[in-house]
Each structure stands twice: as C-alpha cells, then as structure tokens.
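Chemist: Pasting a structure here, questions to come.
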Amino acid sequence: MTSHQNNEMDLTKASADNLVPKTVIREGLLILTLAAIQFTHMMDFVIMMPLGPQLMRVFNISPQEFGLLVSAYTFSAAVAGFLSALFIDRFDRKHAMLGLYLGFALGTLACALAPSYGLLLSARVVAGAFGGVLGALVLAVIGDAIPEQRRGAATGKVMAAFSVASIAGIPIGLYLASESSWHAPFYLLAALSFIILVLAAKFLPPLRGHLTSTVQVHPFSVLHEIVRKRNLQWAMLLMVTLTMSGFFVVPFISPYMVANVGFKEAELSYIYLFGGLATVFTSQWAGRLADRHGKQRVFAFSALLSLLPILAITHLPPVAHYQALTVTTFFFIFFGARFVPAMALITSSVEPKLRGSFMSINSSVQQLSAGLAAFLAGFIVQESATGSLLHFSWVGFVACAITLAAVWVVRHLQQVG
C-alpha cells in the first residue's frame, strides 16, 4: 500500500471521527441517562393510579385513604425540595444525583415489600422525598451541562420521559397487578432503578462547575438570596401559573370522562396511551422549536393555542370515543408543548451557583401549586343527583385565565445562565 493510499485512509478515518464529535456523544449519553432517571421517577408516581381498586380491597381502605397514598408522595417531595435547597449546591451534581437516586430506589423497594397500609404510606413518603428532589436536580444538571442554545431540545427529550411513563406506567401497572399482585409493579421499578443507578455512576460526568463560584455561607442566606432576586420571583410565578392552569383540569379528566362523556373505567387508559404517545414526539419538537425561534415566543404561542383544548375538554358533551380521545390528545400535546420551553426558561433564569437550590425550591412550588389547584377545583366541581359532574366548564374558564396570566409573566423573565 502506497503512502498516498495511507494518507487517504487516515483522512477518511479522521473525517468519520469528525462526523460525530465527542462532545455530542457525551451530551447524548448524559441526556439519555437523565431521561432514564426521570422516567423511573415519573413512573413511580404514575403507577399508583391504576392500583387504587386493588389497594383499597387488599388493605380495606377508603378512597380518601388511597388519596392520601397518592398525595403523600407529592407533599413529601415539596417539603424535601425546600429542605434540600439549604445544601444541594454544596455538592458535585453527580454525587448528589447518585445519592438521591439510591434513596429513591430503596424507597421504591420498600413500597414493594410493604405488608400493610401504614408501612406502604411511610414508603411512599420516603420515595417522594428523594424523587421530588431528584426531578429538580435533573433540570439543574441540564442547566449546568447543556449550552443555552441546545437547552430547549435537551429539556424536551428529558421531559418526554413523563410521556413514556404515562404510556408504560398505567398498562404495565394494571397488567402486573392483575397477573400477580400490587407488589409486582414496584419490584419491577425497583430493579430497573438499581440497573440505571449503576449505568448513571458510569456515564454521568463530574459536574463541579457551580462550585467554583460558591462561597460557603449560612444555608438560610442562600434562601434569602433566591427570594430577593426579582428574576427568580418571576420564574417561580411562572411555575405557579403554569402548574395551576394544568392541575385545575387534569385531576378531573378521568371522572368527567366516566360520569359525563360515557367512558368505562377500563377505557380510561386509552386517554393516557394516546396522549402519551403523541407527546413523546411533540415535546421534543417543542424543545427544538424553542431553541430555534426563542423560548418565550414558543411558550406564548403554545400557551395561547392550549386555550382551545382546555375549553373543549371542560365543555365536552357525550360524544363518540374517537372524538373525545382527539380532544384529550390535543390537550396533552399543548400541555407538554408549553411546559418544555417554560422549564428551559426557568432553568436559564438562575446563575449556576444557585441553580440546584433554586430548582429544588421551584420543584416544591410546583408540587404545592398542583395540590392547591386540585384542592380549589374540588370546591368548584360538584356531583349531581344522577352522578354527573357539574361546573367543570367553570374550571376551564379559570384555567384559561391563569394561562393568560402565565403568558404575561413570561414576558418579564430573563435568561442569565
């Protein structure tokens, strides 16, 4: 072989190596790892929903006690988010992520092993405490590791994990619970979490950039610094309005579809199946569009478009199933399309040295806003003598008003990091 041929081969090899830069590969592995962590965290929450009838029968508990099982996760996550904000930015993001994920995996395993209602409730509190902070830290890592011009696309890919969890969580949970017992879905999720934990330890890079500008100060002074920054106030207000506009409606979709539209309980999984399948793709498209055309513009556009499916789903009369599923699917599409650029904006609204603490507080604000919205909507929606739900249309009007408030809020938000 001649030297000329050798040179050509070397150039060809170099060109092939340059097709996929190492930075792109590293970013891809990082995003995939974060998406896997986010998937298990979200599936742990979603998987409880279809287990209600079996858990109420096995433990002989009331619907209110089952509701406590669901809300225990949310409120635990909110409290843990506030507490973690005091110290989370003092650690390497990788070490913090692995420690939280180990706690989450152990909490999920405890759910699988729980022999009684009381112990299951305690296990849900543990899983929620670690899982809630975990979700905030995933977004903080995206903010630290992904450049702003690609942050929307990365957020869209990781947020798509919620869609996959919605698709997989309900059918898999129902199938495993019916074929075995309610323990089985948690055993599967715990095993998957431990596998992902090992992979995360290998593929997550050290993330210490936020530590270089960190001065060791009293933990509560960090909270004071976050609270007094006007831009972060706007960011938290965006999270409040975004979450409340969605959770005024979401908790009552399933009851309304059964009581007013004509769905059977066994058919409700189709709502989440089609909605989840659609948003797997549309959430990623929304992220790429946000990077290309501006996150504020894409958020405002998708939020305004979301008014139509909000009004449609809250005014839906008895119709054919395919018509109802079309409406619910568009609702979830625009719900996700506005959430992705909003989260990318919120992540970019805080400098790296405060990002972990702020995202933890922001996660708590999100959890509390969701609970408050569902609680207030419960006062509006009433049950008639025939079993149908009344005033769901009022909830739709309130959700639209809060959505318009979110569009106004986002105009004041600035990206700083």
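Chemist: Working only within region 42-54, note down all residues that are modelled with pLDDT of 80 or more and open to solvent by less than 20 Å² (accessible area, probe 1.4 Å).
Modeler: Hits for region 42-54 are Met43, Asp44.
Chemist: Just to verify a result, which residue in region 340-360, among those that are modelled with pLDDT under 80 and not in a helix (DSSP H, G or I), is least open to solvent (accessible area, probe 1.4 Å)?
Modeler: The extreme case among them is Val350.
Chemist: Kindly list, by first and then second residue, each pair from a residue in region 86-110 that is surrounded by fewer than 17 Cβ atoms within 10 Å (Cβ to Cβ) to a residue that is of a type in the set (D, E, K, R), limited to pairs with Cβ atoms under 7 Å and residues at least 6 apart or on different chains.
Modeler: Partner pairs satisfying both residue conditions: Asp92/Arg208.
Chemist: Taking region 262-271 on its own, how many of its residues are in contact with a helix residue (DSSP H, G or I) (Cβ under 7 Å, 6 or more places away or on another chain), surrounded by fewer than 22 Cβ atoms within 10 Å (Cβ to Cβ) and of a type in the set (A, V, I, L, M)?
Modeler: Count: 1.
Chemist: All but one of (1) aromatic (Phe, Trp, Tyr); (2) open to solvent by 10 Å² or more (accessible area, probe 1.4 Å); (3) under 22 Å from Asn362 (Cα atoms) hold for Tyr117; which doesn't?
Modeler: Every condition holds for Tyr117 apart from (3).
Chemist: Can you name the number of the only condition in (1) under 27 Å from Phe375 (Cα atoms); (2) surrounded by fewer than 16 Cβ atoms within 10 Å (Cβ to Cβ); (3) of a type in the set (Gly, Ala, Ser) that Ala320 fails?
Modeler: All conditions are met except number (1).
Chemist: Pull up region 72-107, narrow it to residues that are under 22 Å from Phe39 (Cα atoms) and of a type in the set (D, E, K, R), then point me to the one that is modelled with the lowest pLDDT.
Modeler: Arg93
Chemist: Now for a separate question. Does Leu113 qualify as being under 25 Å from Leu51 (Cα atoms) and among the hydrophobic types (A, V, I, L, M, F, W, C)?
Modeler: yes
Chemist: Consider Ser363 carefully, then state whether it is in contact (Cβ under 8 Å) with a residue 60 or more places away in the chain, touching an Asp or Glu at 6+ places or on another chain (Cβ under 6 Å) and either part of a helix (DSSP H, G or I) or under 27 Å from Gly131 (Cβ atoms) (or both).
Modeler: No; evaluated as a whole, the condition is false for this residue.
Results for (1) open to solvent by less than 40 Å² (accessible area, probe 1.4 Å); (2) more than 17 Å from Ser393 (Cβ to Cβ); (3) within 20 Å of the chain's Cα centre (by Cα), shown as yes or no for each residue.
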{"residue": "Val250", "(1), (2), (3)": "yes, no, yes"}
{"residue": "Asn260", "(1), (2), (3)": "yes, no, no"}
{"residue": "Leu273", "(1), (2), (3)": "no, yes, yes"}
{"residue": "Leu277", "(1), (2), (3)": "no, yes, yes"}
{"residue": "Arg292", "(1), (2), (3)": "no, yes, no"}
{"residue": "Phe301", "(1), (2), (3)": "no, yes, no"}
{"residue": "Thr314", "(1), (2), (3)": "yes, no, no"}
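Chemist: Going by the structure shown, is Ser283 surrounded by fewer than 21 Cβ atoms within 10 Å (Cβ to Cβ), at pLDDT below 85 and part of a helix (DSSP H, G or I)?
Modeler: no
Chemist: Scan region 286-327 residue by residue and report those that are more than 22 Å from Leu238 (Cα to Cα), part of a helix (DSSP H, G or I) and small (Gly, Ala, Ser).
Modeler: Ala312, Ala324
Chemist: Also: Please work out which residue is surrounded by the most Cβ atoms within 10 Å (Cβ to Cβ), limiting yourself to region 222-248 and to residues that are small (Gly, Ala, Ser) and farther than 17 Å from Gly81 by Cβ.
Modeler: Checked region 222-248; the qualifying residue surrounded by the most Cβ atoms within 10 Å (Cβ to Cβ) is Ser245.
Chemist: Something else about it: Considering every residue within region 328-339, establish whether at least one is open to solvent by 30 Å² or more (accessible area, probe 1.4 Å), without any contact (Cβ under 8 Å) to a residue 24 or more places away in the chain and either in contact with a strand residue (DSSP E or B) (Cβ under 6 Å, 6 or more places away or on another chain) or outside any helix (DSSP H, G or I) (or both).
Modeler: no
The values are calculated or read from the model by the stated rules, or taken from the named source; none is laboratory data. Since the structure is predicted, the reported quantities are computational estimates derived from the model, not experimental observations. FYI the Cβ positions are ideal-geometry reconstructions off the backbone, even for glycines, and counts take in every protein chain you see. With ligands, DNA and RNA removed, areas are computed over all heavy atoms of the protein, side chains included. Shrake-Rupley method; radii C 1.70, N 1.55, O 1.52, S 1.80 Å.
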